[in-house]
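Input: a single structure, listed below in C-alpha cells.
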Amino acid sequence: MFLKFKKEVTEVLEDSLNELDLDVDDLGIEEPRDIADLASTLPFSISSILGEDPSVVGEKIVAKIDLGELKYISDVKFKEPGYINFYVDEGKLRQMIFDILEEPKKFMELEDKDEKIILEHTSANPTGPLHIGHLRNALIGDTLARILERAGYSVETQYYLNDLGRQMALLLLGVRKFGLQKSGKGDHEIGELYKRSNNFVDDSDEGDIELIMQKFEQGDEDVLDELDSIVNYCFEGIQKTLSRLNIKHDQVVKESKFVEENRLSEVIDSLEPNLEESDGSLQLNFQDMDKELVLKRSDGTSVYALRDLAYHKWKNKRGSMLDILGADHKLYSKQLVKALELMDIDSPEIIIFEFVSLPEGGMSKRKGQFISADELIDKVQKAAFDEVSGKRQEKNQEWKEKIADLVARGAIRYDFIKVAPKKPIKFNIKKAVDLNEQGAPFIQYSFARATSILDNSDLGSISTQEIDSLDNERSKELLKLISKMPSELKKAAEKKRPHYFAEYVFELASKFNEFYRDVPVLQAGNANEKKARLLLVRAFKLVMEEAINILGFEAPEEM
RNA sequence: GGGCCCGUAGCCUAGUCUGGACAAGGCGACAGCCUUCGGAGCUGUAGAUCGGGGGUUCAAAUCCCUCCGGGUCCGCCA
C-alpha cells in the first residue's frame, strides 16, 4: 500500500519534470517524520538549473498536479523553503485493512525474485561451544535469510564446517591423549579439551600434528573416521545451541568433502597462471594487491583458503552467494573475491560484522576466554522465568517455562540484531539479562495486548462501511505504519540490513501501545466505531505476528 | 608502520550508503497516569560542542581533507 503511494508520487514528479523538459535522476524523495507522508526536495536541486527560486519552482510543480487523477495521493502542498509534501489517501489506507484480513500473506510478501541465494553463516569451527561472537554471525545470517525469503528470494542457508586443518589435528591429538568422557554436551566438552590441548602441546608434538594433517590430505580412512566422530560430537552440541534460538541451516557442508572429492586440483588448475612456488609452498599472487594468498604448505598439504575456494566454486553452481563473516576476515574476503574472479566465478556478496568483545577484552576459544551462547541463553532464560513468575503467579510451571523460553529467545535475538553489523559491540552481560533493556518483550507485549482485546470481543459480521469511522489520529498513525511493512521489508532485504527491519518492528509495537492507551476499542462510542477498531487491532495482530516471525522469535498470545 | 571499521546526552543505540525541514529511540534521573480493553504499558521534564579542526554546498551527523581516541587485519591459522 505504501509502495503504491510511493510509486504514484514518483510518477507525479517524473511527469512534472517532463513538462518542464528537465532530466534529473534523483527525485529527492524522503519520509519526513510527522511532517508529511512523503516529501520531495526536488525544488532545491532544479532551482539552480532553471535559475529560479526554489519556492517559485516548487509552487509551479504543485500547481500542475491534478489531484483528481490520483488514487493514493490525497493532497500535495508546497512548503518553504523548497519541499513538496505528499499526503496519503486515508480511505485507501482504511481499505488496506480488508486486504490484510483477507490475504495476510499477500499483503506482506513481496513478488518472487526468481533468484536463489546461498547464504553461509555461523560456520564456527567445531573446536568448542559457540560464543557470543559466533552468535552475532548466526543471528545476522538467520534473520537475513528470513527477510530475504519473505522478500521473494529462494534462500538456502549453509553452515560450512571446518573439519580439517591444523586446529583439528591438534584436537585429534588431544582426544588421543586425554580421551572423551561423552557425558555432557559435546561442544562444551570438546571446548575444554581443546583448551587443554593448546596448553599441553609443545615443539615435540609438532611432528605428530604434521603427520595427522598429512593423513587428512591423503584421505586416510581410519584417521578421518576418528576425526569425524569428534567433529560430529561437537557439532551436535553446536546445533542444539542454535536450535535454542530458532536457528537452523538447510545444509551443513563439511570442508573435508572437497578434499575427498578431489576438488582442490581443479582450483589449482584454473589459477595456474597466477600461481608461484615459494620454498615448496604454493602461493596465489594478485596484480592489484601486495598480499599473496598461500594455498599449499611446503609439505604439500592444502590450507583453508584453497578448500574455501573449492567450496565457493561448488556453491556458485547452486545460486548466488552471500557470506556473513567477522571483521577479522576483511582482508581474506577481498582476496577470496579476487581469486574467484581469476577463476571466472561470480563474486559472493560479503557482509562483515564487527567484533563482540567483553569489558575485559577480546574473546578467545584457544584460551577459553569467552561467554558461551549457552551461558547467555541460560541466564536470560532464568531472568525471564523470574519475571514471568512474578507477574503471572497463577500460572503453572510448564506455562511459565514456555513463556520464559520464548521471551528469552526474543530478547537475545533482538538484542543482537538491532545494532548495525558494522558497529563493534562491547558486550554487557548485565544489560543483556535485564529484560527492561530489551526490545523484544516490549514487542511481544504489544502483540499479547492486541490478542487480549480480540479475545474479549465478538467481531461478528463485517461490512465495509463501518471502517470509515476509523478517523482518529492514533488509528491513522497506526494504519500508516502498518502500511509500511512491505516497504520496510523490501528496504531491509535490498540493503541486506536486518537491523532496519528490527527498528521498524519496535516502532510498530510502540505505535500500537499509544493507540491502546488513547483509543478505547471494546468501550468505543458506538457499534460502528467498535467494529472498525476491532478490525484495525486484528490487522495489527496479523502483521505483527508475521513481523515477529521474520525476526525469528515467537508472538505470544499471552505472556 | 600500512589497510579497513568505529567515535551521536551519564549509559546503549538509530540516522551516515542516497546531504535537506526541530539529530530519533531505549536505559537511568525527575514529575505524573489504573472508577476503560493486561502497568513487560503511557505522558511530560532535564540531558547532545553528532570525537576536534578545516573544506565543498543554498543546505553537512551524512560528502572531502586532516588530526585525536578505540578496535581489527597484515600466519605455510581458520
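The values are calculated or read from the model by the stated rules, or taken from the named source; none is laboratory data. Please read these numbers as outputs of a predicted model, since none were measured by experiment. No Cβ is skipped: glycine too gets one built from the backbone with ideal geometry, and neighbour counts run over all protein chains shown. Please note that ligands, DNA and RNA were not included when accessible areas were found on the heavy atoms of the full protein model with its side chains. Shrake-Rupley method; radii C 1.70, N 1.55, O 1.52, S 1.80 Å.
To test your reading of the geometry: what angle, between 0 and 90 degrees and rounded to tens, separates the Cα axis of helix A:439-455 from the longest principal axis of chain A?
That helix lies at roughly 50 degrees to the long axis.
Simple spin-label model, 7 Å along Cα-to-Cβ: A:Asp99 to A:Lys491 in nm?
In this crude spin-label approximation the distance works out to 1.8 nm.
Once you have a ≥ b ≥ c as the square roots of the Cα gyration tensor eigenvalues for region A:494-542, tell me rounded if a/c is under 1.5, and otherwise prolate or oblate according to whether a/b is larger than b/c.
prolate
State which entries of A:Lys64/A:Lys511; A:Lys315/A:Lys418; A:Lys257/A:Lys365 exceed 27 angstrom in Cα-Cα distance in the structure shown.
With Cα atoms farther than 27 Å apart: A:Lys64/A:Lys511; A:Lys315/A:Lys418.
Relative to 2.2 N^0.38 Å, what does the C-alpha radius of gyration of region A:121-357 come to as a ratio? Two decimals please.
Normalised Cα radius of gyration, region A:121-357: 1.03.
Once you order the gyration tensor axes a ≥ b ≥ c over the Cα atoms, which shape class does region A:173-261 get: rounded for a/c under 1.5, otherwise prolate or oblate by comparing a/b with b/c?
Note, shape of region A:173-261 comes out oblate.
Looking at chain A, identify the longest residue range that excludes and avoids all GluC sites (Glu not before Pro) in DSSP loops having at most 15 other Cβ atoms within 10 Å.
A:395-556
Can you tell me the relative contact order of region A:2-88? Whole percent, Cα pairs under 8 Å, sequence separation 6 or more.
30 percent.
I'd like the trypsin sites (Lys or Arg not before Pro) in region A:243-304 restricted to DSSP loop residues with at most 14 other Cβ atoms within 10 Å, sorted by number.
A:Lys248
By how many degrees, 0 to 90 and rounded to 10, does the Cα axis of helix A:186-200 deviate from the longest principal axis of chain A?
So the inclination is approximately 50 degrees.
With each label point set 7 Å from Cα along the Cα-Cβ vector, what nm distance links A:Val201 and A:Glu115?
Placing both labels 7 Å along Cα→Cβ, they lie 4.2 nm apart.
Alpha carbon centre of region A:105-133 versus region A:307-326: separation in Å?
So the two Cα centres are separated by 13 Å.
Can you compute the charge dipole magnitude of chain A about its Cα centre, using +1 on each Lys and Arg Cβ and -1 on each Asp and Glu Cβ, nothing else charged? Give it in debye, rounded to the nearest 20.
Around 2020 debye, computed over chain A.
Using only C-alpha atoms and all pairs of different ones, pull out the Kirkwood radius for chain A in Å with one decimal.
Computed over chain A, the radius equals 27.0 Å.
Between the helical axis of A:206-218 and the dominant principal axis of chain A, each derived from Cα atoms, what acute angle in degrees is found, rounded to the nearest 10?
For A:206-218 against chain A, the angle is about 70 degrees.
Would you please give the FRET efficiency between A:Glu221 and A:Lys367, computed as 1/(1 + (r/R0)^6) with r the Cβ-Cβ distance and R0 = 25 Å, to the nearest 0.05?
Using R0 = 25 Å, I get an efficiency of 0.15.
In chain A, what percentage of the DSSP-assigned beta bridges are antiparallel, given to the nearest 5?
55
If each DSSP helix of 4+ residues adds -39,500 (n - 2.57) and the sum is divided by the residues in chain A, what number results at 222 nm, nearest 500 deg cm²/dmol?
Calculated mean residue ellipticity at 222 nm is -18000 deg cm²/dmol.
Under a 5 Å amide H to amide H cut-off, with H placed in plane at 1.01 Å, what residues pair with A:Gln369 once short-range neighbours are removed?
A:Ser364
Which values, in whole Å and largest first, are the semi-axes of the equivalent ellipsoid of region A:2-88 obtained as the square root of 5 times each eigenvalue of the Cα gyration tensor?
19, 14, 12
Quick check on region A:196-236: what are the equivalent-ellipsoid semi-axes from the Cα gyration tensor, as sqrt(5λ), descending, whole Å?
Equivalent ellipsoid semi-axes, largest first: 20, 16, 6 Å.
Please give the FRET efficiency for A:Lys330 paired with A:Ser278, using the beta carbon to beta carbon distance and R0 = 22 Å, rounded to the nearest 0.05.
0.35
Report in % the part of the accessible area of region A:2-88 that belongs to carbon and sulfur, leaving out ligands and nucleic acids; probe 1.4 Å.
46
Using DSSP to define loop residues, name the trypsin sites (Lys or Arg not before Pro) in region A:134-220 whose beta-carbon has at most 16 other beta-carbon atoms within 10 Å.
A:Lys182
Residues in region A:282-307, backbone N under 17 Å from the label point at A:Asp269 (7 Å along the Cα-to-beta-carbon vector): list them, ranges by number please.
Inside the label zone: A:307.
Please work out the C-alpha center-to-center distance from region A:1-25 to region A:142-179 and express it in whole Å.
Measuring centre to centre over Cα atoms gives 47 Å.
I want to check the label-to-label distance for A:Lys177 and A:Gln214. Put each point 7 Å from Cα in the C-beta direction and report it in nm to one decimal.
Taking the simple label geometry, A:Lys177 and A:Gln214 are separated by 2.0 nm.
Around A:Glu354, with a cut-off of 11 angstrom between Cβ atoms, what is the net charge of the other residues, counting Lys and Arg +1 and Asp and Glu -1?
+4
For region A:373-550, what does the alpha-carbon gyration tensor say about shape, rounded, prolate or oblate, given a ≥ b ≥ c as the root eigenvalues, a/c under 1.5 as rounded, and a/b over b/c as prolate?
Oblate, since a/c reaches 1.5 and b/c is not below a/b.
Per residue, how much accessible area does region A:154-266 show when a 1.4 Å probe rolls over the protein heavy atoms, in square angstrom?
46
Could you compute the FRET efficiency for A:Lys77 and A:Ser320, with r as their C-beta to C-beta distance and R0 at 35 Å, rounded to 0.05?
The pair A:Lys77/A:Ser320 has a calculated efficiency of 0.20.
Hey, for a label at A:Gln287 modelled as a point 7 Å past Cα toward Cβ, could you say which residues of region A:331-359 have their backbone N under 18 Å away?
Within reach of a label on A:Gln287, which here means backbone N under 18 Å from a point 7 Å along Cα→Cβ, region A:331-359 contributes A:335-345.
Per residue, how much accessible surface does region A:2-88 expose to a 1.4 Å probe? Answer in Å², no decimals.
Solvent-accessible surface per residue comes out at 55 Å².
Of A:Lys60/A:Lys92; A:Lys379/A:Lys426; A:Lys313/A:Lys484; A:Lys495/A:Lys541, which pairs sit farther than 29 Å apart, going by alpha carbon to alpha carbon?
Too far apart for the 29 Å limit: A:Lys313/A:Lys484.
Counting only heavy atoms of protein chains, what accessible area per residue, in Å², does region A:445-559 have with a probe of 1.4 Å?
On a per-residue basis, region A:445-559 sits at 41 Å².
Looking only at region A:353-378, which residues have a backbone nitrogen under 19 Å from a spot 7 Å from the Cα of A:Ile429 in the C-beta direction?
A:356-378
Rounded to a whole number, what % of the accessible area of region A:100-238 do carbon and sulfur atoms account for, probe 1.4 Å?
That share works out to 42 percent.
Any of A:Lys71/A:Lys490; A:Lys113/A:Lys430; A:Lys7/A:Lys105; A:Lys185/A:Lys490; A:Lys330/A:Lys367 with alpha carbons more than 31 Å apart? Name them for me.
The pairs that break the limit, which is 31 Å between Cα atoms, are A:Lys113/A:Lys430; A:Lys185/A:Lys490.
For region A:482-501 and region A:414-472, what is the separation of their C-alpha centers, rounded to whole Å?
16
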